[in-house]
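As structure tokens, the structure follows; a few thoughts come after it.
Each reported figure results from applying straightforward, stated rules to the coordinates on display, with no laboratory input. Being a predicted model, the structure only gives us computed values, none of them experimental. Positions of Cβ are generated from backbone atoms using ideal geometry, with glycine treated the same way; all protein chains shown enter the neighbour counts.
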Amino acid sequence: MAKRIDVSGLTAYYGSHKAIEDISMTVEPRSVTAFIGPSGCGKSTFLRTLNRMHEVTPGGRVEGKVLLDDEDLYGAGIDPVSVRREVGMVFQRPNPFPTMSIFDNVAAGLRLNGKYKKSELNDIVEKSLKGANLWNEVKDRLNKPGSGLSGGQQQRLCIARAIAVEPDVLLMDEPCSALDPISTLAIEDLIGELKERFTIVIVTHNMQQAARVSDRTAFFNLAAVGQPGRLIEIDDTERIFSNPSVQATEDYISGRFG
Ligand SMILES: Nc1ncnc2c1ncn2[C@@H]1O[C@H](COP(=O)(O)OP(=O)(O)OP(=O)(O)O)[C@@H](O)[C@H]1O
Ligand SMILES: [Mg+2]
């Protein structure tokens, strides 16, 4: 649980378009790392290379290495499906399976991964919903459709679904951008709790959010439109927001940016 990520020389393409170039970084276990940077600089692309989702896009391919506790996720014989179990993902728009009940939404990944007794499933679903701070709100309506929840509840349902399979890493791509401020704070509090158990990487356009939730912040940027995105710097969040090493980072976080 909660493994270290070590990326070296990662470049990702969509067909002939090089979206990100030569990215290297490490992410320590039980920490929160925020990815920030202007639209189109490749934050989502890079995030998706960390659980081999990038290659699901037609033309999507990568060069370079991603190690999860020394295991090369792109190594020969590695099953991308098992990678996605170890490295879970939460998306920008809450995407519960609409026709499934709340219970089945959380149990979905478990059912794919193996056989569980009903009592085991009950326990894991309860634990996951508690872990996602949703249990009290849904315990009396577990058999109702997940799509009947509010946006913030749906996003916590998706987090419950992601943590039910006990991944090592949780990737979150702008998980709060479709949520109201109260639900956003609920998710931010939750991230603070989840980092005790998981290694978390979150993409956000909200500078305050990056400052509030993350231990480390990575700033990505493009040299020019059409150029691949690059990692400009990664450092302790406090330092990135008080005294970054690179002028472009300073310009971006202070809003002096195109
Ligand atoms: N499915 C795709 N097919 C082709 N090119 C893509 C695809 N998805 C993204 N790209 C390109 O890759 C580059 C990086 O996009 P990406 O979505 O990773 O940026 P981002 O930093 O997440 O942006 P945003 O902040 O707007 O979400 C962009 O040039 C984008 O047009
Ligand atoms: Mg994105």
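Any chance you could check the Cα centroid distance between segment 91-148 and segment 25-51 for me, in angstrom?
27
If you line up the Cα atoms of segment 121-213 on their principal axes, what length do they span on each, largest first, in Å?
38, 28, 17
Under 19 Å between alpha carbons, and skipping anything fewer than 8 positions from LYS115 in its own chain: which aspartates and glutamates qualify?
Leaving aside aspartates and glutamates fewer than 8 places away in the same chain, those within reach of LYS115 are GLU86, ASP104, ASP123, GLU126, GLU166.
Would you mind working out the magnitude of the charge dipole of the chain relative to its Cα centre, with +1 at each Lys and Arg C-beta and -1 at each Asp and Glu C-beta, to the nearest 20 Debye? Working shown, then result.
Numbers: 30 positive and 34 negative charges, 181 e Å.
Once rounded to the nearest 20, the dipole reads 860 debye.
Rounded to a whole number, what is D in µm²/s for segment 214-258 from Stokes-Einstein with the Kirkwood radius over alpha-carbon pairs (37 °C, 0.692 mPa s)?
Working: Rh = 10.9 Å.
In µm²/s, the coefficient rounds to 302.
Relative to the longest principal Cα axis of the chain, at what angle does helix 181-194 sit, 0 to 90 degrees, rounded to 10?
90
Which residues' amide hydrogens lie under 5 Å from the amide hydrogen of PHE35, considering only partners 5 or more residues apart or on another chain, with H built in the peptide plane?
Here ILE202, VAL203, THR204, ALA218 satisfy the definition.
What number, rounded to the nearest 500 deg cm²/dmol, is the helix-based mean residue ellipticity at 222 nm of the chain, given -39500 (n - 2.57) per DSSP H run of at least four residues and division by all its residues? Before the final figure, lay out each step's value.
Working: 10 runs with 92 residues, N = 258.
So the helix-based figure for the chain works out to -10000 deg cm²/dmol.
Relative to the longest principal axis of the C-alpha atoms of the chain, give the angle of the C-alpha long axis of helix 118-131, reported between 0 and 90° and rounded to the nearest 10°.
The answer is roughly 50 degrees.
Got the relative contact order for segment 151-258 handy, in percent, Cα pairs under 8 Å and 6 or more residues apart? Walk me through the numbers on the way to the answer.
Numbers: 105 pairs, mean separation 20.2, N = 108.
After rounding, I find 19 percent.
For segment 101-258, how big is Rg over Rh, using alpha carbon atoms and the Kirkwood form of Rh? Let's see the in-between values first.
On the way: Rg = 18.5 Å, Rh = 17.4 Å.
Across segment 101-258, the Cα-based Rg/Rh ratio is 1.06.
Please go through segment 133-231 and write out the GluC sites (Glu not before Pro) that DSSP classes as loop and that have at most 13 other C-beta atoms within 10 Å.
Those that pass, being in a loop and sparsely packed, are GLU196.
With 10 angstrom as the radius, rank HIS54, HIS17, HIS205 by how many other C-beta atoms surround their C-beta, starting from the fewest. If you can, show how the numbers build up before the last one.
On the way: HIS54 22, HIS17 10, HIS205 14.
So the residues, fewest neighbours to most, are HIS17, HIS205, HIS54.
With a 10 Å radius around each residue's Cβ, average the other Cβ atoms per peptide and rank 246-255, 161-170, highest first.
161-170, 246-255
Out of all DSSP beta bridges in the chain, what portion is antiparallel? Express it as a percent rounded to 5. Present the calculation step by step, with values, prior to reporting the outcome.
Values: 25 of 43 bridges.
About 60 percent, rounded to the nearest 5.
With N set to the residue count of segment 1-148, report its C-alpha Rg divided by 2.2 N^0.38 Å to two decimal places.
Working: Rg = 17.8 Å, N = 148, 2.2 N^0.38 = 14.7 Å.
Rounded to two decimals, the normalised Rg is 1.21.
Give me Rg/Rg_expected for segment 1-47, where Rg uses Cα atoms only and Rg_expected = 2.2 N^0.38 Å with N residues. Provide the component values of the computation, followed by the final result.
Numbers: Rg = 12.1 Å, N = 47, 2.2 N^0.38 = 9.5 Å.
Normalised Cα radius of gyration, segment 1-47: 1.28.
Report the equivalent ellipsoid semi-axes for segment 69-155 in whole Å, largest first, defined as the square roots of five times the eigenvalues of the gyration tensor built from alpha carbon atoms.
They are 27, 16, 12 Å, listed largest first.
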